[in-house]
Amino acid sequence: MTSTLADRLAAEVAARRDDLVALTQDLVRIPTLNPPGLNYREICDYLAQRLGRAGFAVELIRAKGAPGDSASHPRWNLVARHQGTGAGDCIHFNSHHDVVEVGHGWTRDPFGAEVVGDRIYGRGTCDMKGGLAASVIAAEAFIATCPDHRGAIEISATADEESGGFGGVAWLAERGWFDPERVQHVIIPEPLHKDRICLGHRGVWWAEIETRGRIAHGSMPFLGDCAVRHMGAVLAEMERTLFPLLATKRTQMPVIPEGARQSTLNINAIHGGAAEQAADYTGLPAPCVPDRCRIVIDRRFLIEEDLAEVKREVTALLERVGADRPSFTCEIRDLFEVQPVMTDRDAPIVRSTAAAIETVLGRQAGYVVSPGTYDQKHIDRIGRLKNCIAYGPGVLDLAHQPDEWVGITDMQDAACVMALVMAELLAP
Ligand SMILES: [Zn+2]
């Protein structure tokens, strides 16, 4: 590619800097909170108008019957396609349009999209309406520069990434939207920073473990069997054997932050005994021996690990606990699982993006893997499309935080990189 083309693209993006800010502000001011899934239709309609004006063919797709979809909270998705003049690949930019709850601690209006210096503040600026806006501006700048481009550009805005993506990317992938026949390259503009390429994510296994006992009067615990004490033994055995074992399992995946470069386990919740009373209840709890105790475990595993083995470690632990406790009974129930994914560093989208980062920023791209999952899992597993990365502006640590912001110059630079990737893959 000639440096002239790179310069022209950079100039087209720079000329749209105010537009980039305004677009991000408009998107942030549509509060697409999930749960419960607010204003999904509004944000899709807004983007449909915008992309329609830019010459995209736009489709709005409701994930009817998906988890969370209802008449009051329909799960709307948008897919927009700009067809070029000749045969060629399709490059698809996928952003989720939902944002997480506001939470406490804000000093700015979470949906005001206030500009202060080089920053835009608000819920979803970083995760990931800034990335979505950057991809729209990048596409518009590229089309203005290369109106006779080959192949096709797609931009999607999808629902429910923050709650698993089942009414969004998973829904579309199951219906062929990410079939390698129609889409060849995918960039997900999640906030991994403008100089880094995210190749994939670790695996996930969530399970619920329940220990069983026998209810009795709290003054005569010897007549019952305390399920909480059984769970205490399970947790003690985890401390003694499982956590030390996980700390020894290191990965070659370049996971960030560094602490996530090993297997991890979190106890997401614990509950035993009578249900907690409402905050306004002024009475005392009744004395009973708990007959049930439950925990939810959140195990994150590595590409080097096998999910069946990950599960066996826990079932073997429960068997060890049972061997020492004559009345021990328990049940384990799978809640959710995701295999780890990692795109090859030699994949075309990785190489093109790395080259574009070097041209725009004058430094080598970093390669990272995310500690938690995002929609790449559905594109990889359901869509069977391996040529997929996350690349977008923003600082990951700010996601889901109070006073979330995105840098305007970061968005502009990321848009230049995206436009250059389109040029490399689709220029006539
Ligand atoms: Zn996100």
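Quick notes on this structure:
- Matching option when the condition is under 25 Å from the mean Cα position of the chain (by Cα) and under 21 Å from His185 (Cα atoms), among Ala113, Ala139: Ala139
- Flag for Ala66 being in a loop (DSSP other than H, G, I, E, B), in contact with a helix residue (DSSP H, G or I) (Cβ under 9 Å, 6 or more places away or on another chain) and surrounded by 15 or more Cβ atoms within 10 Å (Cβ to Cβ): yes
Matching residues to (1) surrounded by 17 or more Cβ atoms within 10 Å (Cβ to Cβ); (2) more than 30 Å from Gly164 (Cβ to Cβ); (3) without any contact (Cβ under 8 Å) to a residue 60 or more places away in the chain:
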{"site": "Ala308", "(1), (2), (3)": "no, no, yes"}
{"site": "Arg312", "(1), (2), (3)": "no, no, yes"}
{"site": "Glu319", "(1), (2), (3)": "no, yes, yes"}
{"site": "Ile332", "(1), (2), (3)": "no, no, no"}
{"site": "Phe336", "(1), (2), (3)": "no, no, no"}
{"site": "Thr343", "(1), (2), (3)": "yes, no, no"}
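- Filter result for the condition that a residue is assigned to a strand (DSSP E or B), surrounded by fewer than 13 Cβ atoms within 10 Å (Cβ to Cβ) and free of Cβ contacts under 8 Å to residues at least 60 places away in the same chain, over Ala279, Ala269: Ala269
- Those residues of segment 1-36 which are closer than 25 Å to Ala399 by Cβ, among the hydroxyl-bearing types (Ser, Thr, Tyr) and part of a helix (DSSP H, G or I), in sequence order: Thr24
- Set Glu190, Glu162, Glu239: member being in a helix (DSSP H, G or I), more than 15 Å from Cys90 (Cα to Cα) and within 15 Å of the ligand (Cβ to nearest atom): Glu162
- Segment 88-111, residues that are surrounded by fewer than 15 Cβ atoms within 10 Å (Cβ to Cβ) and more than 16 Å from the ligand (Cβ to nearest atom): His104, Gly105, Thr107, Asp109
- No other residue among Ala139, Ala134 is buried (at least 24 other Cβ atoms within 10 Å of the Cβ), more than 15 Å from the ligand (Cβ to nearest atom), in a helix (DSSP H, G or I) and in the same structural domain as Ala57 (by TED's automatic domain parsing) apart from Ala139.
The values are calculated or read from the model by the stated rules, or taken from the named source; none is laboratory data. Since this is a predicted model, take the numbers as computed values, not measurements. FYI the Cβ positions are ideal-geometry reconstructions off the backbone, even for glycines, and counts take in every protein chain you see.
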